[in-house]
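The values are calculated or read from the model by the stated rules, or taken from the named source; none is laboratory data. Quantities reported herein were computed from a predicted structural model and do not represent experimental measurements. Here the Cβ positions follow ideal geometry from the backbone for every residue, glycine too, while neighbour counts run over all protein chains shown. The protein model used for the area step is the full one, side chains on, heavy atoms only, and it has no ligands, DNA or RNA in it. Shrake-Rupley method; radii C 1.70, N 1.55, O 1.52, S 1.80 Å.
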Amino acid sequence: MLQKIGEKKEESESLSADKEYAASLCVPHLPSRLHALRRDALSRGIPVMEEATLQYLCVLLAALRPRRILEIGTAVGLSAAAMLLTCPHARLTTLESDEKRYEEAGKNLSSFGLSDRVIRHLGDAGEILSMMDGTYDFVFLDGPKAQYGRYMSELKRLLPQGGTVFADDVLLFGWVSGRTPVPPKHRLFVRKMRAYLDALSRDEDFSTVVLDVGGGVALSVRL
Ligand SMILES: C[S@@+](CC[C@H](N)C(=O)[O-])C[C@H]1O[C@@H](n2cnc3c(N)ncnc32)[C@H](O)[C@@H]1O
């Protein structure tokens, strides 16, 4: 029994060493100004994506070359700018509920010369989504994590066959898998995220894989 526990512990330590090593090799080829924007946002406590996730997102987009991208959770426009710079023929619609971040994202996207390829909406993503129509071939889901399940039913309507949903931070801090204890105030969020992942992996309208990249990514393709 003790030997088995020891083996499991060694296995999980080497898994996280592999994850760290893999992350150290993720160097997004993006303008240095964008890296500076990321560092500045982090220094002000604004949640922006991890470098490994950013690199994974950009590699995937370079392969998929979507024309219409929808983002939920603009923050200050870092991921929006990265996606548009990676996909020069794409247009992006992005939703943000925080007015200050919404304004700042506008300035940042303009400074990269991207304003004419972006539609920005200020407000609650759930409400805006329910009023949206048209189709999107790539959705970057990076807004309030507890709402992912609710958004997915709206997204189904907006995604054509082959459309992709990239949901970030689905494994947050090892809480969702149970690897690390969940602080009491985050228990509801963890329950909702587990329910979302469970429903998504069983949903026959999607083919889904969950990857241990950055804070965890659920990648789903509409069938
Ligand atoms: C993780 S951040 C987005 C980071 C951004 N995608 C990036 O990597 O540059 C999540 C954002 O979602 C926004 N948000 C939270 N609740 C929201 C809601 N109900 N509707 C729209 N945006 C929301 C937050 O204000 C925050 O800026």
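Tabulated values for the structure
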quantity: Yes/no for residue 63 being at pLDDT 90 or above, more than 14 Å from the ligand (Cβ to nearest atom), closer than 26 Å to residue 137 by Cβ and open to solvent by 70 Å² or more (accessible area, probe 1.4 Å); calculated: yes
quantity: Selected residue [over 27 Å from residue 99 (Cα atoms) and in a helix (DSSP H, G or I)] from 150, 179, 187; calculated: 187
quantity: Restricting the range 125-147 to residues that are in contact (Cβ under 8 Å) with a residue 12 or more places away in the chain and open to solvent by 60 Å² or more (accessible area, probe 1.4 Å), the residue that is farthest from residue 97 (Cα to Cα); calculated: 135
quantity: The range 89-117 residues that are over 24 Å from residue 63 (Cα atoms), paired with ones that are open to solvent by less than 60 Å² (accessible area, probe 1.4 Å) and aromatic (Phe, Trp, Tyr) (beta carbon under 8 Å, 6 or more apart); calculated: 96/102
quantity: Every residue from the range 130-165 that is more than 9 Å from the ligand (Cβ to nearest atom), of a type in the set (A, V, I, L, M, F, W, C), farther than 17 Å from residue 202 by Cα and at pLDDT 95 or above; calculated: 131, 132, 138, 139, 141, 158, 159
quantity: Residue that is modelled with the highest pLDDT, among those in the range 10-57 that are more than 16 Å from the ligand (Cβ to nearest atom) and under 21 Å from residue 113 (Cβ atoms); calculated: 32
quantity: Any hit, the range 69-84, residues being away from the ligand (no atom under 13 Å from the Cβ) and either open to solvent by 20 Å² or more (accessible area, probe 1.4 Å) or assigned to a helix (DSSP H, G or I) (or both); calculated: no
quantity: Residue in the range 161-169 that is touching a Pro at 6+ places or on another chain (Cβ under 7 Å) and assigned to a strand (DSSP E or B) present; calculated: no
quantity: Subset of the range 97-124 that is open to solvent by 40 Å² or more (accessible area, probe 1.4 Å) and assigned to a strand (DSSP E or B) - its residue that is farthest from residue 87 (Cα to Cα); calculated: 122
